[in-house]
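Following: one structure in C-alpha coordinates, then a few remarks.
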Amino acid sequence: LVDKSDKYDSRDVERLQQDDKWVENYLIWRHDVVDDTLKMIDESFQWRKEYTVNDLTESVLPKWLFENGSLFLHGYDKEGYKLFWFRVKHHIRDPKQQLEKKKLVAFWLEHYAKRDHGKPLTVVFDMAETGISHIDLDFVRFIVNCFTDYYPNFLTKIVIFEMPWIMNAAFKIVKGWLGPDAISMLKFTNKSDVQEYISGEYLPPHMGGTDSFKYSYPPLVDDDFQTPLCENGPITSEDEHESKEEIDADTKETAELNEEQNLNQKKMNSIEQISKSEETDKTEFKPKNAKKALTTFKGPLLHISPAEELYFGSKETGEKKCLIVLTNVTKNVVAFKVRTTAPEKYRVKPSNSSCEPGTSLDIIVSLHGGFAASLQDRFLIMAAEMDQSSGAGVPELTQFWKEVPRTKVMEHRLRCHVVESSKPSSLTLKENALNIPAKTNEDLHIQLTRLLQVNKRLQEQIDRCLWFQQLSVVLSLLSVTVVAFCFYLVYTQRS
(Lines give C-alpha, C1' and ligand atoms only; values in the text may rest on other atoms or scores of the structure.)
Protein backbone atom coordinates (compact mmCIF):
# COMPACT_ATOMS: atom_id res chain seq x y z
CA LEU A 1 0.00 0.00 0.00
CA VAL A 2 2.89 2.32 0.71
CA ASP A 3 4.24 2.05 -2.86
CA LYS A 4 0.89 3.23 -4.28
CA SER A 5 0.03 5.77 -1.61
CA ASP A 6 -0.49 8.44 -4.30
CA LYS A 7 -3.35 6.34 -5.70
CA TYR A 8 -5.17 6.14 -2.38
CA ASP A 9 -7.04 8.57 -0.18
CA SER A 10 -4.90 9.08 2.94
CA ARG A 11 -8.07 8.81 5.07
CA ASP A 12 -8.62 5.26 3.82
CA VAL A 13 -5.04 4.28 4.59
CA GLU A 14 -5.32 5.74 8.07
CA ARG A 15 -8.60 3.93 8.68
CA LEU A 16 -7.13 0.64 7.49
CA GLN A 17 -4.33 0.99 10.05
CA GLN A 18 -6.78 1.68 12.88
CA ASP A 19 -9.94 -0.29 12.02
CA ASP A 20 -9.31 -4.01 12.66
CA LYS A 21 -12.91 -4.86 11.72
CA TRP A 22 -12.45 -3.42 8.24
CA VAL A 23 -9.32 -5.51 7.69
CA GLU A 24 -11.11 -8.57 9.06
CA ASN A 25 -13.99 -8.08 6.59
CA TYR A 26 -11.55 -8.01 3.66
CA LEU A 27 -9.94 -11.24 4.92
CA ILE A 28 -13.30 -12.96 5.45
CA TRP A 29 -14.53 -11.98 1.99
CA ARG A 30 -11.33 -13.40 0.44
CA HIS A 31 -11.32 -16.55 2.62
CA ASP A 32 -8.21 -15.51 4.56
CA VAL A 33 -6.02 -15.66 1.42
CA VAL A 34 -3.59 -12.81 2.03
CA ASP A 35 -2.63 -12.17 -1.62
CA ASP A 36 -6.28 -12.00 -2.72
CA THR A 37 -7.08 -9.75 0.24
CA LEU A 38 -4.28 -7.32 -0.63
CA LYS A 39 -5.42 -7.26 -4.25
CA MET A 40 -8.98 -6.43 -3.19
CA ILE A 41 -7.78 -3.66 -0.86
CA ASP A 42 -5.67 -2.21 -3.65
CA GLU A 43 -8.56 -2.21 -6.16
CA SER A 44 -11.15 -0.89 -3.72
CA PHE A 45 -8.86 1.89 -2.45
CA GLN A 46 -8.13 3.07 -5.99
CA TRP A 47 -11.83 3.01 -6.75
CA ARG A 48 -12.65 4.95 -3.57
CA LYS A 49 -10.25 7.70 -4.56
CA GLU A 50 -11.48 7.78 -8.17
CA TYR A 51 -15.10 8.21 -7.01
CA THR A 52 -14.12 10.54 -4.11
CA VAL A 53 -16.18 8.31 -1.83
CA ASN A 54 -15.12 10.04 1.38
CA ASP A 55 -16.35 13.39 0.07
CA LEU A 56 -19.67 12.30 -1.44
CA THR A 57 -22.51 14.31 0.11
CA GLU A 58 -25.98 15.34 -0.95
CA SER A 59 -24.69 18.78 -1.91
CA VAL A 60 -22.24 17.43 -4.52
CA LEU A 61 -24.83 15.23 -6.24
CA PRO A 62 -27.69 16.52 -8.43
CA LYS A 63 -30.95 16.84 -6.52
CA TRP A 64 -32.91 15.02 -9.24
CA LEU A 65 -30.97 11.83 -8.44
CA PHE A 66 -32.51 11.72 -4.97
CA GLU A 67 -35.94 12.76 -6.22
CA ASN A 68 -35.95 10.02 -8.86
CA GLY A 69 -36.53 7.28 -6.29
CA SER A 70 -34.67 4.50 -8.09
CA LEU A 71 -32.32 3.91 -5.12
CA PHE A 72 -33.06 4.14 -1.41
CA LEU A 73 -32.66 2.37 1.92
CA HIS A 74 -35.80 1.32 3.75
CA GLY A 75 -36.95 -1.51 6.00
CA TYR A 76 -35.39 -4.81 7.04
CA ASP A 77 -35.44 -8.41 5.89
CA LYS A 78 -36.44 -11.31 8.13
CA GLU A 79 -32.87 -11.64 9.44
CA GLY A 80 -32.80 -7.99 10.50
CA TYR A 81 -30.60 -6.70 7.67
CA LYS A 82 -31.30 -3.31 6.08
CA LEU A 83 -32.89 -3.36 2.61
CA PHE A 84 -31.19 -1.50 -0.24
CA TRP A 85 -33.88 -1.01 -2.89
CA PHE A 86 -33.25 -0.63 -6.61
CA ARG A 87 -36.58 0.26 -8.27
CA VAL A 88 -35.60 -0.69 -11.80
CA LYS A 89 -38.65 0.90 -13.46
CA HIS A 90 -37.39 4.36 -12.40
CA HIS A 91 -34.00 3.79 -14.06
CA ILE A 92 -33.54 4.73 -17.72
CA ARG A 93 -30.29 3.88 -19.48
CA ASP A 94 -28.41 7.08 -20.30
CA PRO A 95 -24.58 7.09 -20.75
CA LYS A 96 -24.43 10.84 -19.95
CA GLN A 97 -25.87 10.28 -16.47
CA GLN A 98 -24.09 7.02 -15.71
CA LEU A 99 -21.24 8.41 -13.60
CA GLU A 100 -23.56 10.47 -11.40
CA LYS A 101 -25.86 7.47 -10.88
CA LYS A 102 -22.89 5.33 -9.89
CA LYS A 103 -21.80 7.97 -7.40
CA LEU A 104 -25.30 7.88 -5.93
CA VAL A 105 -24.85 4.15 -5.26
CA ALA A 106 -21.48 4.84 -3.66
CA PHE A 107 -23.00 7.66 -1.60
CA TRP A 108 -25.67 5.41 -0.07
CA LEU A 109 -23.35 2.49 0.58
CA GLU A 110 -20.75 4.71 2.25
CA HIS A 111 -23.41 6.66 4.16
CA TYR A 112 -24.89 3.45 5.56
CA ALA A 113 -21.53 1.74 6.18
CA LYS A 114 -20.34 4.63 8.36
CA ARG A 115 -23.66 5.02 10.18
CA ASP A 116 -24.14 1.32 11.00
CA HIS A 117 -20.43 0.36 11.13
CA GLY A 118 -20.48 -1.94 8.13
CA LYS A 119 -23.49 -4.07 9.06
CA PRO A 120 -24.39 -6.09 5.93
CA LEU A 121 -27.19 -5.19 3.53
CA THR A 122 -29.77 -7.09 1.53
CA VAL A 123 -30.16 -5.79 -2.04
CA VAL A 124 -33.66 -5.85 -3.58
CA PHE A 125 -34.01 -5.51 -7.35
CA ASP A 126 -37.70 -4.64 -7.77
CA MET A 127 -38.23 -5.40 -11.45
CA ALA A 128 -42.01 -5.06 -11.53
CA GLU A 129 -43.28 -3.14 -14.57
CA THR A 130 -39.88 -3.09 -16.29
CA GLY A 131 -39.00 -3.50 -19.96
CA ILE A 132 -36.18 -3.22 -22.47
CA SER A 133 -35.62 0.52 -21.84
CA HIS A 134 -34.81 -0.20 -18.18
CA ILE A 135 -32.17 -2.86 -18.86
CA ASP A 136 -28.74 -1.42 -18.07
CA LEU A 137 -26.18 -4.18 -17.60
CA ASP A 138 -23.34 -1.73 -17.04
CA PHE A 139 -25.14 -0.18 -14.08
CA VAL A 140 -26.12 -3.59 -12.68
CA ARG A 141 -22.52 -4.71 -13.00
CA PHE A 142 -21.38 -1.64 -11.09
CA ILE A 143 -23.77 -2.41 -8.22
CA VAL A 144 -22.57 -6.02 -8.17
CA ASN A 145 -18.92 -4.90 -8.19
CA CYS A 146 -19.54 -2.59 -5.25
CA PHE A 147 -20.37 -5.61 -3.11
CA THR A 148 -17.94 -8.14 -4.61
CA ASP A 149 -14.88 -5.86 -4.96
CA TYR A 150 -15.26 -2.62 -2.99
CA TYR A 151 -17.37 -3.26 0.14
CA PRO A 152 -16.11 -6.50 1.71
CA ASN A 153 -18.48 -8.80 3.59
CA PHE A 154 -21.26 -6.26 3.06
CA LEU A 155 -23.80 -8.39 1.16
CA THR A 156 -26.19 -10.95 2.64
CA LYS A 157 -28.37 -11.71 -0.38
CA ILE A 158 -29.76 -10.27 -3.63
CA VAL A 159 -33.55 -10.57 -3.83
CA ILE A 160 -34.77 -10.23 -7.44
CA PHE A 161 -38.51 -9.64 -7.68
CA GLU A 162 -40.47 -10.58 -10.82
CA MET A 163 -37.66 -10.59 -13.33
CA PRO A 164 -39.17 -10.38 -16.85
CA TRP A 165 -38.48 -13.42 -19.06
CA ILE A 166 -36.85 -11.12 -21.59
CA MET A 167 -34.02 -10.50 -19.08
CA ASN A 168 -33.15 -14.18 -18.51
CA ALA A 169 -30.28 -14.01 -20.98
CA ALA A 170 -29.00 -10.78 -19.43
CA PHE A 171 -28.89 -12.29 -15.95
CA LYS A 172 -26.89 -15.25 -17.17
CA ILE A 173 -24.21 -12.65 -17.91
CA VAL A 174 -24.69 -11.13 -14.44
CA LYS A 175 -24.13 -14.54 -12.83
CA GLY A 176 -20.79 -14.69 -14.60
CA TRP A 177 -19.72 -11.51 -12.82
CA LEU A 178 -20.79 -12.65 -9.38
CA GLY A 179 -18.57 -15.65 -8.75
CA PRO A 180 -19.64 -18.83 -6.86
CA ASP A 181 -20.01 -17.19 -3.43
CA ALA A 182 -22.24 -14.38 -4.60
CA ILE A 183 -24.30 -16.62 -6.93
CA SER A 184 -25.54 -18.53 -3.89
CA MET A 185 -26.90 -15.21 -2.58
CA LEU A 186 -29.22 -14.71 -5.58
CA LYS A 187 -32.89 -15.21 -4.69
CA PHE A 188 -35.37 -15.07 -7.59
CA THR A 189 -38.83 -14.36 -6.22
CA ASN A 190 -42.34 -13.37 -7.15
CA LYS A 191 -45.42 -12.29 -5.21
CA SER A 192 -46.05 -15.79 -3.85
CA ASP A 193 -42.64 -16.45 -2.28
CA VAL A 194 -40.90 -13.11 -1.64
CA GLN A 195 -42.08 -13.22 1.98
CA GLU A 196 -39.69 -16.10 2.59
CA TYR A 197 -37.02 -13.39 2.83
CA ILE A 198 -38.90 -10.15 3.63
CA SER A 199 -41.98 -9.93 5.84
CA GLY A 200 -45.09 -8.19 4.56
CA GLU A 201 -44.66 -5.19 6.86
CA TYR A 202 -41.67 -4.06 4.75
CA LEU A 203 -43.10 -4.96 1.35
CA PRO A 204 -45.17 -2.54 -0.77
CA PRO A 205 -48.69 -3.62 -1.86
CA HIS A 206 -47.59 -4.51 -5.40
CA MET A 207 -45.28 -7.11 -3.83
CA GLY A 208 -48.05 -8.50 -1.66
CA GLY A 209 -47.12 -6.55 1.46
CA THR A 210 -48.73 -3.95 3.71
CA ASP A 211 -46.00 -1.28 3.87
CA SER A 212 -47.53 2.14 3.13
CA PHE A 213 -44.10 3.73 2.72
CA LYS A 214 -44.06 6.28 -0.09
CA TYR A 215 -40.66 7.43 -1.30
CA SER A 216 -40.11 11.18 -1.21
CA TYR A 217 -37.20 13.59 -0.93
CA PRO A 218 -36.38 15.36 1.33
CA PRO A 219 -35.87 14.07 4.05
CA LEU A 220 -32.97 11.66 3.59
CA VAL A 221 -34.34 8.62 1.88
CA ASP A 222 -32.98 6.17 4.43
CA ASP A 223 -34.83 7.89 7.27
CA ASP A 224 -36.67 5.22 9.26
CA PHE A 225 -39.14 7.89 10.39
CA GLN A 226 -40.15 8.99 6.91
CA THR A 227 -43.17 6.69 6.96
CA PRO A 228 -46.16 8.71 8.28
CA LEU A 229 -46.70 7.95 11.96
CA CYS A 230 -49.51 8.84 14.29
CA GLU A 231 -48.60 10.91 17.34
CA ASN A 232 -47.41 8.40 19.86
CA GLY A 233 -49.34 8.53 23.10
CA PRO A 234 -51.69 6.24 25.03
CA ILE A 235 -53.94 4.17 22.79
CA THR A 236 -57.47 5.62 22.76
CA SER A 237 -59.24 2.40 23.67
CA GLU A 238 -56.92 1.88 26.61
CA ASP A 239 -57.20 5.50 27.62
CA GLU A 240 -60.97 5.30 27.90
CA HIS A 241 -60.79 2.37 30.31
CA GLU A 242 -57.73 3.47 32.25
CA SER A 243 -58.76 3.99 35.85
CA LYS A 244 -57.59 6.69 38.22
CA GLU A 245 -55.68 4.02 40.21
CA GLU A 246 -53.69 3.04 37.09
CA ILE A 247 -52.83 6.68 36.38
CA ASP A 248 -51.75 7.17 40.01
CA ALA A 249 -49.66 4.00 39.76
CA ASP A 250 -47.91 5.35 36.64
CA THR A 251 -47.24 8.66 38.40
CA LYS A 252 -45.89 6.90 41.48
CA GLU A 253 -43.70 4.64 39.35
CA THR A 254 -42.31 7.65 37.49
CA ALA A 255 -41.52 9.37 40.80
CA GLU A 256 -39.75 6.24 42.07
CA LEU A 257 -37.68 6.06 38.90
CA ASN A 258 -36.72 9.72 39.24
CA GLU A 259 -35.83 9.29 42.92
CA GLU A 260 -33.78 6.21 42.17
CA GLN A 261 -31.96 7.99 39.36
CA ASN A 262 -31.07 10.89 41.67
CA LEU A 263 -29.75 8.51 44.35
CA ASN A 264 -27.61 6.66 41.82
CA GLN A 265 -26.35 9.92 40.39
CA LYS A 266 -25.24 11.09 43.86
CA LYS A 267 -23.40 7.81 44.41
CA MET A 268 -21.62 8.14 41.09
CA ASN A 269 -20.62 11.73 41.81
CA SER A 270 -19.22 10.79 45.22
CA ILE A 271 -17.04 8.07 43.70
CA GLU A 272 -15.87 9.82 40.53
CA GLN A 273 -14.35 13.27 40.21
CA ILE A 274 -16.08 15.21 37.50
CA SER A 275 -15.38 18.59 35.97
CA LYS A 276 -17.42 21.72 36.70
CA SER A 277 -19.05 21.55 33.30
CA GLU A 278 -20.23 18.00 34.03
CA GLU A 279 -21.53 19.01 37.46
CA THR A 280 -23.90 21.46 35.78
CA ASP A 281 -25.30 18.68 33.61
CA LYS A 282 -27.97 17.21 35.85
CA THR A 283 -28.74 14.25 33.63
CA GLU A 284 -25.28 12.90 32.89
CA PHE A 285 -23.95 10.11 35.05
CA LYS A 286 -21.19 7.54 34.60
CA PRO A 287 -22.18 3.99 35.58
CA LYS A 288 -19.25 1.73 36.30
CA ASN A 289 -19.71 -0.56 33.31
CA ALA A 290 -21.31 1.89 30.87
CA LYS A 291 -19.49 3.09 27.79
CA LYS A 292 -19.05 6.79 27.24
CA ALA A 293 -21.44 6.67 24.28
CA LEU A 294 -24.25 5.51 26.57
CA THR A 295 -24.30 8.62 28.78
CA THR A 296 -25.65 11.87 27.36
CA PHE A 297 -26.09 13.34 23.91
CA LYS A 298 -25.35 17.08 24.10
CA GLY A 299 -27.44 18.78 21.46
CA PRO A 300 -27.80 22.51 20.74
CA LEU A 301 -31.27 22.63 22.35
CA LEU A 302 -31.60 19.54 24.50
CA HIS A 303 -29.26 17.24 26.32
CA ILE A 304 -30.66 13.71 25.99
CA SER A 305 -29.87 10.78 28.24
CA PRO A 306 -29.29 8.02 27.22
CA ALA A 307 -27.37 9.06 24.14
CA GLU A 308 -27.78 6.05 21.85
CA GLU A 309 -29.85 3.13 23.09
CA LEU A 310 -32.92 2.32 25.16
CA TYR A 311 -32.60 -0.92 27.09
CA PHE A 312 -35.63 -3.20 27.30
CA GLY A 313 -35.81 -6.66 28.80
CA SER A 314 -36.38 -9.78 26.72
CA LYS A 315 -39.59 -11.81 26.90
CA GLU A 316 -37.98 -13.83 29.70
CA THR A 317 -37.03 -10.85 31.85
CA GLY A 318 -40.34 -9.11 31.18
CA GLU A 319 -38.98 -5.58 31.61
CA LYS A 320 -41.03 -3.15 29.50
CA LYS A 321 -40.20 0.39 30.66
CA CYS A 322 -37.38 2.83 29.94
CA LEU A 323 -36.62 6.39 30.97
CA ILE A 324 -35.44 9.25 28.73
CA VAL A 325 -34.28 12.47 30.41
CA LEU A 326 -34.41 15.74 28.44
CA THR A 327 -32.65 18.87 29.70
CA ASN A 328 -33.30 22.27 28.12
CA VAL A 329 -29.94 24.03 27.70
CA THR A 330 -31.34 27.19 26.08
CA LYS A 331 -32.85 30.39 27.48
CA ASN A 332 -36.21 29.75 25.77
CA VAL A 333 -38.94 27.17 25.96
CA VAL A 334 -38.14 24.14 23.77
CA ALA A 335 -40.97 22.17 22.18
CA PHE A 336 -40.34 18.46 21.58
CA LYS A 337 -42.11 15.41 20.30
CA VAL A 338 -41.17 11.75 20.23
CA ARG A 339 -41.84 9.47 17.27
CA THR A 340 -41.13 5.80 16.73
CA THR A 341 -40.93 3.34 13.87
CA ALA A 342 -43.30 1.04 15.79
CA PRO A 343 -46.14 3.22 17.15
CA GLU A 344 -48.36 0.19 17.63
CA LYS A 345 -45.96 -1.25 20.22
CA TYR A 346 -44.91 1.68 22.42
CA ARG A 347 -46.53 4.27 24.67
CA VAL A 348 -44.61 7.46 25.37
CA LYS A 349 -45.55 9.85 28.19
CA PRO A 350 -45.33 12.68 27.33
CA SER A 351 -44.90 12.33 23.57
CA ASN A 352 -45.57 15.96 22.57
CA SER A 353 -44.85 18.73 25.06
CA SER A 354 -42.40 21.49 25.97
CA CYS A 355 -39.54 22.00 28.40
CA GLU A 356 -38.84 25.21 30.33
CA PRO A 357 -35.37 26.85 30.18
CA GLY A 358 -32.76 25.12 32.34
CA THR A 359 -35.11 22.37 33.52
CA SER A 360 -35.16 18.60 33.03
CA LEU A 361 -38.12 16.48 32.03
CA ASP A 362 -38.60 12.71 32.23
CA ILE A 363 -40.19 10.68 29.45
CA ILE A 364 -41.44 7.17 30.19
CA VAL A 365 -41.30 4.77 27.23
CA SER A 366 -43.22 1.55 27.78
CA LEU A 367 -44.30 -1.48 25.78
CA HIS A 368 -47.94 -2.40 26.00
CA GLY A 369 -49.95 -5.55 25.41
CA GLY A 370 -48.00 -8.64 24.44
CA PHE A 371 -45.44 -6.78 22.35
CA ALA A 372 -41.69 -7.25 22.77
CA ALA A 373 -38.94 -4.76 21.92
CA SER A 374 -36.99 -5.35 18.71
CA LEU A 375 -33.49 -4.33 17.65
CA GLN A 376 -35.02 -2.78 14.53
CA ASP A 377 -37.19 -0.35 16.52
CA ARG A 378 -36.07 3.28 16.51
CA PHE A 379 -37.10 6.46 18.30
CA LEU A 380 -36.79 10.01 16.99
CA ILE A 381 -36.74 13.02 19.33
CA MET A 382 -37.51 16.29 17.53
CA ALA A 383 -36.96 19.63 19.27
CA ALA A 384 -37.33 23.29 18.30
CA GLU A 385 -36.97 26.56 20.20
CA MET A 386 -40.17 28.53 20.82
CA ASP A 387 -40.62 32.28 21.21
CA GLN A 388 -41.25 33.54 24.73
CA SER A 389 -44.65 34.86 23.64
CA SER A 390 -45.81 31.46 22.38
CA GLY A 391 -48.06 29.40 24.58
CA ALA A 392 -47.27 25.81 25.53
CA GLY A 393 -50.76 24.32 25.31
CA VAL A 394 -51.83 21.58 22.90
CA PRO A 395 -53.29 24.01 20.27
CA GLU A 396 -50.18 26.22 20.39
CA LEU A 397 -47.84 23.21 20.02
CA THR A 398 -49.86 21.82 17.12
CA GLN A 399 -49.70 25.14 15.30
CA PHE A 400 -46.02 25.56 16.16
CA TRP A 401 -45.02 22.25 14.56
CA LYS A 402 -46.96 23.14 11.41
CA GLU A 403 -45.08 26.41 10.99
CA VAL A 404 -41.54 25.75 12.29
CA PRO A 405 -38.92 25.51 9.46
CA ARG A 406 -37.21 22.13 9.19
CA THR A 407 -33.81 23.82 9.41
CA LYS A 408 -34.59 24.89 12.98
CA VAL A 409 -35.56 21.42 14.19
CA MET A 410 -33.02 19.39 16.15
CA GLU A 411 -33.35 15.63 15.59
CA HIS A 412 -31.82 12.82 17.59
CA ARG A 413 -32.31 9.09 17.14
CA LEU A 414 -32.25 6.28 19.67
CA ARG A 415 -31.98 2.56 19.00
CA CYS A 416 -33.56 -0.25 21.02
CA HIS A 417 -31.44 -2.81 22.83
CA VAL A 418 -32.88 -6.03 24.24
CA VAL A 419 -31.16 -7.15 27.45
CA GLU A 420 -30.92 -10.89 28.04
CA SER A 421 -30.57 -11.42 31.78
CA SER A 422 -31.29 -14.04 34.42
CA LYS A 423 -31.70 -11.39 37.12
CA PRO A 424 -35.05 -10.89 38.84
CA SER A 425 -37.31 -8.54 36.91
CA SER A 426 -37.31 -5.98 39.74
CA LEU A 427 -33.54 -5.66 39.55
CA THR A 428 -33.63 -5.46 35.76
CA LEU A 429 -36.13 -2.60 36.00
CA LYS A 430 -33.80 -0.64 38.26
CA GLU A 431 -30.91 -1.02 35.86
CA ASN A 432 -33.00 -0.36 32.78
CA ALA A 433 -34.53 2.75 34.36
CA LEU A 434 -31.01 4.15 34.23
CA ASN A 435 -30.45 2.63 30.76
CA ILE A 436 -27.57 0.44 31.99
CA PRO A 437 -27.34 -2.99 30.33
CA ALA A 438 -27.47 -5.86 32.83
CA LYS A 439 -24.68 -7.62 30.96
CA THR A 440 -22.99 -6.53 27.77
CA ASN A 441 -21.10 -8.88 25.49
CA GLU A 442 -17.94 -7.00 26.39
CA ASP A 443 -18.55 -7.57 30.13
CA LEU A 444 -19.16 -11.28 29.56
CA HIS A 445 -16.03 -11.53 27.42
CA ILE A 446 -13.93 -9.87 30.15
CA GLN A 447 -15.41 -12.12 32.84
CA LEU A 448 -14.82 -15.22 30.72
CA THR A 449 -11.20 -14.18 30.13
CA ARG A 450 -10.70 -13.67 33.85
CA LEU A 451 -12.23 -17.07 34.61
CA LEU A 452 -9.92 -18.71 32.09
CA GLN A 453 -6.92 -16.97 33.66
CA VAL A 454 -7.99 -18.02 37.17
CA ASN A 455 -8.60 -21.56 35.93
CA LYS A 456 -5.14 -21.61 34.35
CA ARG A 457 -3.51 -20.47 37.60
CA LEU A 458 -5.44 -23.09 39.58
CA GLN A 459 -4.39 -25.76 37.11
CA GLU A 460 -0.75 -24.70 37.49
CA GLN A 461 -1.07 -24.85 41.27
CA ILE A 462 -2.67 -28.29 41.07
CA ASP A 463 0.13 -29.48 38.79
CA ARG A 464 2.73 -28.19 41.26
CA CYS A 465 0.95 -29.89 44.14
CA LEU A 466 0.82 -33.17 42.24
CA TRP A 467 4.51 -32.84 41.42
CA PHE A 468 5.41 -32.23 45.08
CA GLN A 469 3.16 -35.11 46.09
CA GLN A 470 4.86 -37.45 43.65
CA LEU A 471 8.28 -36.24 44.79
CA SER A 472 7.30 -36.79 48.42
CA VAL A 473 6.16 -40.33 47.66
CA VAL A 474 9.42 -41.10 45.86
CA LEU A 475 11.50 -39.62 48.73
CA SER A 476 9.45 -41.59 51.26
CA LEU A 477 10.02 -44.81 49.35
CA LEU A 478 13.74 -44.08 49.15
CA SER A 479 13.83 -43.38 52.89
CA VAL A 480 12.03 -46.63 53.68
CA THR A 481 14.37 -48.52 51.35
CA VAL A 482 17.48 -46.99 52.98
CA VAL A 483 16.21 -47.75 56.50
CA ALA A 484 15.33 -51.30 55.53
CA PHE A 485 18.78 -51.77 53.98
CA CYS A 486 20.47 -50.46 57.13
CA PHE A 487 18.48 -52.90 59.28
CA TYR A 488 19.47 -55.69 56.94
CA LEU A 489 23.18 -54.85 57.24
CA VAL A 490 22.98 -54.69 61.03
CA TYR A 491 21.17 -58.02 61.14
CA THR A 492 23.70 -59.78 58.88
CA GLN A 493 26.68 -58.47 60.92
CA ARG A 494 25.18 -59.78 64.17
CA SER A 495 24.60 -63.10 62.57
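Before moving on, here are some points about what is shown:
- Charge dipole (debye, nearest 20) of segment 56-207; +1 at Cβ of Lys and Arg, -1 at Cβ of Asp and Glu: 240
- Euclidean distance between Cα centres, segment 471-495 to segment 90-144, Å: 91
- Most to least packed among 22-32, 150-160, 70-80, 474-484 [average Cβ atoms within 10 Å]: 150-160, 70-80, 22-32, 474-484
- Options SER305, GLN376, SER366, ranked by Cα towards positive dipole end of segment 297-418, top entry (Cβ charges): GLN376
- Set against the 2.2 N^0.38 Å expectation for a compact globular protein, segment 297-418 has a Cα radius of gyration ratio of 1.09.
- Sulfur and carbon atoms: percent of accessible area, segment 10-53 [1.4 Å]: 49
- Across the cross-link table entries LYS101/LYS408; LYS103/LYS298; LYS21/LYS82, which are compared at the Cα atoms, the separations over 21 Å belong to LYS101/LYS408; LYS103/LYS298.
- Segment 297-418 - percent of accessible surface contributed by carbon and sulfur, probe 1.4 Å: 51
- With the cut-off at under 14 Å, measuring from each backbone N in segment 138-168 to a point 7 Å along the Cα-to-Cβ line of LYS191 picks out 162-163.
- Take the Cα of GLU308, step 7 Å toward its Cβ, do the same at GLU356, and the gap between the two points is 3.5 nm.
- Checking the cross-link pairs LYS89/LYS320; LYS119/LYS456; LYS187/LYS214 against a 32 Å limit on the alpha carbon distance flags LYS89/LYS320; LYS119/LYS456 as lying beyond it.
The values are calculated or read from the model by the stated rules, or taken from the named source; none is laboratory data. Remember, it's a predicted structure, so these values are computed and weren't measured experimentally. Neighbour counts run over all protein chains shown; Cβ positions are idealised from the backbone, glycine included. Note: accessible area is taken over every heavy atom of the protein model, side chains too, but ligands, DNA and RNA are not part of it. Shrake-Rupley method; radii C 1.70, N 1.55, O 1.52, S 1.80 Å.
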